[in-house]
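Single-structure report; data block below.
The values are calculated or read from the model by the stated rules, or taken from the named source; none is laboratory data. Quantities reported herein were computed from a predicted structural model and do not represent experimental measurements. Here the Cβ positions follow ideal geometry from the backbone for every residue, glycine too, while neighbour counts run over all protein chains shown.
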Ligand code: MG
Ligand code: MG
C-alpha cells in the first residue's frame, strides 16, 4: 500500500532532504585526486552526527550489514560500493549515494561526480544520467501513471546508445527509507503489474542507473558492490521527490524551486 503524505508532512520531510543535499554539497567540495572514499564517508557521517540525524545506510541488513554511511562506487561499479582506502584518481567517475532520517522522516539522494578530467564517454554518460532524472521529475507534472515516466526515461537512455539498469529500482520513501511502491526506470510486462497512478501526496526516491555498455550487473563477493558485467562505466542520479497539488517538489535539494 502506498502511504500518502499530507502537505504538512511533505514540508517536514524537507529537513532530512536538505541535510542530504548538504552532504552532497560537501562531497562535491571534497572530490579530487588523492582523496580516499573513506574520507568522504567520514565527512558525511560527521555532518549527519552534527545535525542529530540518523544515517540510513550504516547497518542496513544484508548478508553482512552495510558498514558505512555512504555507498561509494567508482567507474564500472554501479551502486552499493563500500568506502575504503581507495584513493580517487583523475578520470574516475564517482557515485555517492546517502540518506538520513531527521525529525522522523527520511531523505535519500545519489549523485555522480567527475574526478578531474574524464573521458568523453563518461562525460556523455553523466549528462544523459542527470538529464534522465530531471526528465522524470518534470514528467511527474503531466504524466498519469509512473509507467509513462519510466517509458520516457527508457527512451532517452536508449536514444543515447546507453542502457538502463533493471536489477535495481527506486522506491517510495517517508518515515521509512524503503516504502511502496517500487519505482522502475524502465517498462516491462512484469513492472506493468506494479504500475501506479501519480497523485498528490506520493513521495518517491527516483534513481535511474545508466550503463555505458550493457544493462547486466553482478554483485561482488563483498556482498554489496554492484558492478557492470562488461566493466563499462555507470552513473547514478537520485532525488527524493514529492508530488504536490502544485506539481513535483524536489526534497533533496538546496535550490529554490
Ligand atoms: Mg539512495
Ligand atoms: Mg534510494
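Scanning for something within 16 Å of ligand 1 (Cβ to nearest atom), at pLDDT 95 or above and under 28 Å from residue 2 (Cβ atoms), does segment 138-153 turn up at least one residue? So far as segment 138-153 goes, no, none of its residues is within 16 Å of ligand 1 (Cβ to nearest atom), at pLDDT 95 or above and under 28 Å from residue 2 (Cβ atoms). Of all residues being touching a residue at least 60 places away in the same chain (Cβ under 8 Å) and more than 22 Å from residue 165 (Cβ to Cβ) in segment 232-249, which is nearest to ligand 1 (Cβ to nearest atom)? Just the residue, please. Across segment 232-249, the extreme among qualifying residues is 242.
Is it true that residue 68 is away from ligand 1 (no atom under 16 Å from the Cβ) and farther than 11 Å from residue 235 by Cβ?
Values: away from ligand 1 (no atom under 16 Å from the Cβ): no; farther than 11 Å from residue 235 by Cβ: yes.
Judged against the criteria, residue 68 is not a match.
With respect to being surrounded by fewer than 19 Cβ atoms within 10 Å (Cβ to Cβ), closer than 29 Å to residue 7 by Cα and without any contact (Cβ under 8 Å) to a residue 12 or more places away in the chain, residue 255 fits the description. If residue 5 satisfies every condition in (1) in a helix (DSSP H, G or I); (2) touching a strand residue (DSSP E or B) at 6+ places or on another chain (Cβ under 6 Å) but one, which is the exception? Residue 5 satisfies all of (1) in a helix (DSSP H, G or I); (2) touching a strand residue (DSSP E or B) at 6+ places or on another chain (Cβ under 6 Å) except (1). Taking segment 119-163 as the search range and keeping residues that are free of Cβ contacts under 8 Å to residues at least 12 places away in the same chain and farther than 28 Å from residue 189 by Cα, which one is farthest from ligand 2 (Cβ to nearest atom)? If we take residues in segment 119-163 being free of Cβ contacts under 8 Å to residues at least 12 places away in the same chain and farther than 28 Å from residue 189 by Cα, then 120 is farthest from ligand 2 (Cβ to nearest atom). For residue 178, work out the one condition from (1) without any contact (Cβ under 8 Å) to a residue 24 or more places away in the chain; (2) away from ligand 2 (no atom under 16 Å from the Cβ) it doesn't fulfil. Failed condition: (2). Can you find, within segment 73-94, the residue that is surrounded by the most Cβ atoms within 10 Å (Cβ to Cβ) among those that are more than 16 Å from ligand 1 (Cβ to nearest atom) and closer than 20 Å to residue 163 by Cβ? Once the filter is applied, the top-ranked residue is 93. Go through the residues of segment 95-104 one by one and say whether even a single one is more than 13 Å from the chain's Cα centre (by Cα), within 16 Å of ligand 1 (Cβ to nearest atom) and either on the phi > 0 side of the Ramachandran plot or surrounded by fewer than 22 Cβ atoms within 10 Å (Cβ to Cβ) (or both). Looking for residues that are more than 13 Å from the chain's Cα centre (by Cα), within 16 Å of ligand 1 (Cβ to nearest atom) and either on the phi > 0 side of the Ramachandran plot or surrounded by fewer than 22 Cβ atoms within 10 Å (Cβ to Cβ) (or both), one finds at least one in segment 95-104, hence yes.
When we screen 185, 246, 221 for residues that are crowded, with 22+ Cβ neighbours inside 10 Å and over 25 Å from residue 28 (Cα atoms), the only hit is 185. Looking across segment 46-66, just one residue is surrounded by 14 or more Cβ atoms within 10 Å (Cβ to Cβ) and more than 21 Å from residue 176 (Cβ to Cβ), and that is 47. Restricting attention to segment 203-231, and to residues there that are farther than 21 Å from residue 121 by Cβ and touching a helix residue (DSSP H, G or I) at 6+ places or on another chain (Cβ under 9 Å), which single residue is farthest from ligand 1 (Cβ to nearest atom)? Per the stated criteria, the residue is 203.
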